1. I'm trying to understand the selection: among the residues of the stretch 53-65, which are within 13 Å of Met90 (Cβ to Cβ) and either assigned to a loop (DSSP other than H, G, I, E, B) or in contact with a Gly (Cβ under 6 Å, 6 or more places away or on another chain) (or both)?
2. Can you pull out the residues in the stretch 3-36 that are touching a Pro at 6+ places or on another chain (Cβ under 8 Å) and either of a type in the set (A, V, I, L, M) or part of a loop (DSSP other than H, G, I, E, B) (or both)?
3. Which of (1) closer than 21 Å to Ala104 by Cα; (2) without any contact (Cβ under 8 Å) to a residue 24 or more places away in the chain; (3) hydroxyl-bearing (Ser, Thr, Tyr) does Tyr33 not meet, given it meets every other one?
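Derivation of every value follows stated rules applied to the coordinates shown; laboratory data play no part. Note that this is a predicted model, so its numbers are computed, not measured. Because the Cβ atoms are built from the backbone with ideal geometry, glycine has one as well, and the counts that use them run over all protein chains shown.
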Amino acid sequence: MRITYLKGEVRAIGSYDNKNLFGKFNVLGEVIYLSEGKEPSSLQFEGDLLLGNDGSGFPPGMKGHYVMTLSFNPSLIRGVYEVSNLAPYMPINQYGILDLEVIAPKK
């Protein structure tokens, strides 16, 4: 996953491993602050999880509503996600936990 901040817009772009979780995303986000004037504490992204043609069995072009919240410090990012019900294929919401490593961009 790549997180970018450009011209006041934060965005997460990525995909899952297509083994444990399927889909790819390119979603807008917002910065969440613990209190006014403090450092940011987390990022929340919301948009569509795109499915199909990925071995998942979902038809090409299928979309599900996707929300991901990431809390961070300089060395660790932890998060949670929710994928909306994908009826009739997956008639319940799916929730999960993310543990991510911070990797500085190559110069």
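1. Selection gives Ser56, Gly57, Phe58, Pro59, Met62.
2. We begin by selecting, within the stretch 3-36, every residue touching a Pro at 6+ places or on another chain (Cβ under 8 Å); these are 31-33.
Val31, Ile32, listed by residue number.
3. (1)
Yes/no per residue for (1) of a type outside the set (Asp, Glu); (2) under 17 Å from Val80 (Cβ atoms); (3) touching a residue at least 12 places away in the same chain (Cβ under 8 Å):
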| site | (1), (2), (3) |
| --- | --- |
| Lys38 | yes, no, no |
| Leu51 | yes, no, yes |
| Ser56 | yes, no, yes |
| Met62 | yes, no, yes |
| Tyr66 | yes, yes, yes |
| Leu70 | yes, yes, yes |
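Each row is one residue, and each column tells you yes or no for (1) within 20 Å of Arg2 (Cβ to Cβ); (2) more than 14 Å from the chain's Cα centre (by Cα).
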{"site": "Gly14", "(1), (2)": "yes, no"}
{"site": "Gly23", "(1), (2)": "yes, no"}
{"site": "Leu49", "(1), (2)": "yes, no"}
{"site": "Gly61", "(1), (2)": "no, yes"}
{"site": "Arg78", "(1), (2)": "yes, no"}
{"site": "Tyr95", "(1), (2)": "no, no"}
